[in-house]
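To start, the structure itself, in structure tokens.
None of the figures in this text is laboratory data; all of them are computed from the coordinates on show. Owing to the predicted nature of the structure, the values given are computational and were not obtained by experimental measurement. We place every Cβ from the backbone using ideal geometry, glycine too, and count neighbours over all the protein chains shown.
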Amino acid sequence: MKAFLIAAFGCAASLGSATILAKWDFNSYPSDGSSTTGVLTPVAGWGYASRVGAVTGSFARGAFDNLSAGFDKMPNVLIDPEDAVNNNSGWNLANFAAQGTGSGTRGAEFLLSTVGYTDIQLSFAMRLSNTASRYWRLDYTLDRSTWLTKEYFDHNYCYLWGAGQSPWYDHFVSFTNVEGVADNPNFGVRILAVFQDEATGVGDALYLPHSPGSAYGTSGTGRFDLVTFEGREAVPEPATLTALALGIGRLAWKRRRR
């Protein structure tokens, strides 16, 4: 009985620790020394990555240090350590919708379960070619059929610091206060290219290119790396902990009577 009590209270003390639920780095394991090969299975946890719409997928160099590459206006923290051994792959999507059509219909999808976890957090790195869409939308689902918009992303480095540059953008999204996301077996997100007017409320119903001076094109690419979902183990309510303690006490009392 003593061993059981120690294990039970040891488990209760560990509740609330952050856990990776699913993580994609798209690298080959074992390493093949190439960034143009990769996999869509998670490197940690469980989940599914797939393409939305008619986009095509390939692999190219993944998240690297912006500062060392000369993009000194945007320090980044989501950097793949495999870059040092040439096994750093990112998931590269192309063949986006024609100009003026299909806003929010093409991009990437990631599905996973959050059962037993709360305070869900998402982080990912993204890199865009000059002719890719500047604006993107993050949708989420609670049932894998209905999709709701969470937020929009404006990738504006080239408009602020000079055309023709392709840094990695860090993204951090919290689902802590979004009802239904925690403890959900059917959670997922989509990251989709969208029109300027949809993302900003102004401008035209057109895709704005990532770099000024370029024209948006369907062959423009959006590249993903280090897509990570984390959560904290759901901590029982005080009443639940009290009931657990009472249950353990009753079990100990019964064993003593025997």
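Worth a mention:
- Both the radius of gyration and Dmax for the range 20-243 are 18.0, 66 Å, in that order, over alpha-carbon atoms.
- Taken about its Cα centre, the range 20-243 carries a charge dipole of roughly 580 debye when the Cβ of each Lys and Arg holds +1 and the Cβ of each Asp and Glu holds -1.
- Each residue of the range 21-33 is assigned a 3J(HN,Hα), and the resulting list reads 8, 7, 9, 10, 10, 6, 7, 7, 10, x, 4, 10, x Hz, derived from the Karplus form 6.51 cos²θ - 1.76 cosθ + 1.60 (θ = phi - 60°), x at Gly and Pro.
- Selection from SER50, THR131, GLY33 lying farthest towards where the dipole of the range 20-243 points positive, charges on Cβ: THR131
- Euclidean distance between Cα centres, the range 26-104 to the range 116-170, Å: 13
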